[in-house]
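The values are calculated or read from the model by the stated rules, or taken from the named source; none is laboratory data. It should be emphasised that the depicted structure is a prediction, and the values quoted were computed from it without experimental measurement. Cβ atoms come from the backbone with ideal geometry, glycine included; neighbour counts cover every protein chain shown. Heads up: the accessible areas ignore ligands, DNA and RNA and are worked out on the full protein's heavy atoms, side chains in. Shrake-Rupley method; radii C 1.70, N 1.55, O 1.52, S 1.80 Å.
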Amino acid sequence: MELSWLENFLHSRRTIWIVGAFTIVLFLVANLPWQLDDYDQAKQAFTSFEMIKEGRWFYQQTPHAHVATKPPLIGWISAGLFELTRSWDLAWRLPSFLAAVAISILLFRAAVVAYGSVAALIALSAFGLNLLSPRLATLVRTDMPLILVIFLIGLLIWQNVRHGEPWNKCDRFLVFVLLTGAMLIKGPIVWAFLLPGIGIFEWRRRSNNAPSVWCGWWPWLASLGVFLLWVAGGIIFQRGFFDEVVVREFVARFGERIHRPHPLYVYLPHWLYKLFPWSVMIIAVAIADLRSRRWKIRAAFREMSPETFWLLCWSLGGLVTMSLIPSKRVDRIFPVVPPVCLLLAAQIGKISIEENLHAHVYRWSAVALLLSILITSSYTVSKVVSGYRDHRDALVIFGRDVRHEAEVHNWRYEAISAKDEGLLLYLRKTHFIAPTRAVAEWNRGNLAALVVPPDNAPALMRQLRDAALSQLKSTERKDERMGYVLITR
């Protein structure tokens with residue numbers, strides 16, 4: 001590759017727009033066909049559904065009547081979006097999608113101002129073109145909104161360090177608002193991604209007089225107080241809240257009896273794999289920088305700018321802290337990805353200044369960008385094609401057909417309790433019905449249709465007057481779940 005062509009390619013506005021548009025398309029299509037059958041999406045979707053249908057604005061249940069374990073902020077946002085759009089699919093998925101787009105824009109703008117257009121392009125590409133971001137961008141979960149809030153706090157700290165500005169009242173209040181939002185999205189997990197890095201930076205700051213990253217105690221304690229008010233209300237007013245939320249969801253994460261523990265190192269190989277080729281590029285650029293310094297690691301740390309060191313503390317602090325918690329899942333370390341992308345931009349911005357490495361960094365950047373486009377697009381296309389081929393949305397279509405038939409024939413219908421939590425949402429119901437009650441309501445003439453698992457249908461039909469098996473049923477899927485059938489009069 002000729003260097004002049006690479007420079008024009010990487011500096012071109014057209015390249016930036018193409019990468020940005022391609023990233024948004026990946027965000028939109030990666031989870032097609034949309035369904036709620038995996039990654040606990042049904043549990044999160046059910047919170048806003050209950051808010052609208054039953055007025056449960058502070059404490060919700062799961063489809064199987066367990067206590068919902070997440071605070072309600074994203075549910076409130078989804079409920080508001082439903083009132084605006086009248087579409088549950090949009091209301092459930094827009095919070096994650098808009099958060100992903102916002103992170104991409106903020107990351108690019110921060111990098112372009114501090115490190116130049118090439119570094120900003122690479123930061124944007126590293127965030128959008130990997131195996132994690134497109135997957136989380138339209139999942140009905142709280143991960144991406146939480147990542148946005150954590151990134152905003154870390155970015156505010158980065159800007160203060162970069163400009164050498166002291167903390168003022170406005171900054172502290174903004175941190176309080178963001179921390180409160182994080183607490184009402186997923187609880188104190190926000191501390192694990194920020195406080196370790198803050199502690200490491202403040203410890204080193206004593207020797208080099210760098211600007212402080214600590215805004216004071218009150219934003220952290222006040223936001224925790226808001227969260228504890230919600231917890232106290234749940235313990236007092238919501239039956240089962242203490243056992244299912246406080247003990248099982250929070251305390252048990254630090255033990256090995258309820259949640260299956262994993263080794264300390266499990267996140268690192270996943271991080272290297274999910275972020276490839278960007279993870280390799282970060283390591284390669286760091287090695288090249290050290291080689292140019294003749295492997296003087298202490299000198300590298302001494303000469304590192306305060307804002308770059310904050311990005312390093314922020315990234316490694318969150319990764320190490322989450323690795324120490326026994327309960328692990330790959331998507332839980334995703335809040336580390338945006339600061340890692342900004343750290344990569346800082347590396348490229350610094351190393352591209354050095355004449356002996358200037359050509360190499362452009363070549364590495366171009367190769368990594370093209371390779372990431374190939375890998376991410378291939379992975380996304382394969383997931384989407386297999387999803388439609390295997391009828392991953394079978395229950396979605398079944399639920400839509402049942403609702404249509406019920407509307408046309410003016411049926412009152414219910415669903416027998418089943419393992420698929422999303423079934424209730426596809427049918428737009430708030431509760432399963434017990435078989436004994438279903439039989440009683442049917443024989444009284446109060447029900448005209450029932451959705452049941454096929455194994456239960458023969459025995460149940462013998463107890464129902466004038467019952468017939470409808471031709472409407474969900475398609476059997478690749479995972480060998482039998483689906484559901486519709487019983488009508």
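Consider residue 381 carefully, then state whether it is buried (at least 21 other Cβ atoms within 10 Å of the Cβ), at pLDDT 90 or above and of a type in the set (Val, Ile, Thr). It is false that residue 381 is buried (at least 21 other Cβ atoms within 10 Å of the Cβ), at pLDDT 90 or above and of a type in the set (Val, Ile, Thr).
Quickly run through the stretch 386-439 and pick out the residues that are among the aromatic types (Phe, Trp, Tyr) and more than 30 Å from the chain's Cα centre (by Cα). Those that are among the aromatic types (Phe, Trp, Tyr) and more than 30 Å from the chain's Cα centre (by Cα): 411, 413.
When the test is whether a residue is open to solvent by 20 Å² or more (accessible area, probe 1.4 Å), under 23 Å from residue 37 (Cβ atoms) and without any contact (Cβ under 8 Å) to a residue 60 or more places away in the chain, residue 458 does not pass it. If the condition is being open to solvent by less than 30 Å² (accessible area, probe 1.4 Å) and either without any contact (Cβ under 8 Å) to a residue 40 or more places away in the chain or over 15 Å from residue 140 (Cα atoms) (or both), then the stretch 69-80 contributes 75, 78, 79. Looking across 402, 381, one residue alone is of a type in the set (A, V, I, L, M), without any contact (Cβ under 8 Å) to a residue 24 or more places away in the chain and in a helix (DSSP H, G or I). It is 381. Residues that are under 24 Å from residue 320 (Cα atoms) and among the aromatic types (Phe, Trp, Tyr) were ranked within the stretch 162-217; the one that is surrounded by the most Cβ atoms within 10 Å (Cβ to Cβ) is 193. Of all residues in the stretch 220-236, those that are touching a residue at least 24 places away in the same chain (Cβ under 8 Å) and farther than 15 Å from residue 246 by Cβ have Cβ atoms under 7 Å from Cβ atoms of residues that are in a helix (DSSP H, G or I) and open to solvent by 40 Å² or more (accessible area, probe 1.4 Å), 6 or more apart or on another chain, in 222/176; 223/176.
Matching residues to (1) part of a helix (DSSP H, G or I); (2) modelled with pLDDT under 80; (3) within 28 Å of residue 348 (Cβ to Cβ); (4) open to solvent by 30 Å² or more (accessible area, probe 1.4 Å):
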{"site": "220", "(1), (2), (3), (4)": "yes, no, no, no"}
{"site": "228", "(1), (2), (3), (4)": "yes, no, no, yes"}
{"site": "247", "(1), (2), (3), (4)": "yes, yes, no, yes"}
{"site": "252", "(1), (2), (3), (4)": "yes, yes, no, no"}
{"site": "268", "(1), (2), (3), (4)": "yes, no, yes, yes"}
{"site": "276", "(1), (2), (3), (4)": "no, no, yes, yes"}
{"site": "279", "(1), (2), (3), (4)": "yes, no, yes, no"}
{"site": "282", "(1), (2), (3), (4)": "yes, no, yes, no"}
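When the stretch 296-307 is filtered for residues that are part of a helix (DSSP H, G or I), at pLDDT below 90 and closer than 16 Å to residue 213 by Cα, only 306 remains. One residue is enough: does the stretch 232-245 have a residue meeting the conditions closer than 19 Å to residue 150 by Cα and open to solvent by less than 50 Å² (accessible area, probe 1.4 Å)? Looking for residues that are closer than 19 Å to residue 150 by Cα and open to solvent by less than 50 Å² (accessible area, probe 1.4 Å), one finds none in the stretch 232-245, hence no. When 471, 463 are screened for being part of a strand (DSSP E or B), at negative phi, modelled with pLDDT under 90 and out of contact with any strand residue (DSSP E or B) (no Cβ under 7 Å at 6 or more places or on another chain), only 471 passes.
Going by what's in this entry, would residue 166 be described as out of contact with any helix residue (DSSP H, G or I) (no Cβ under 7 Å at 6 or more places or on another chain) and outside any helix (DSSP H, G or I)? Taking the combined requirement at face value, the residue satisfies it.
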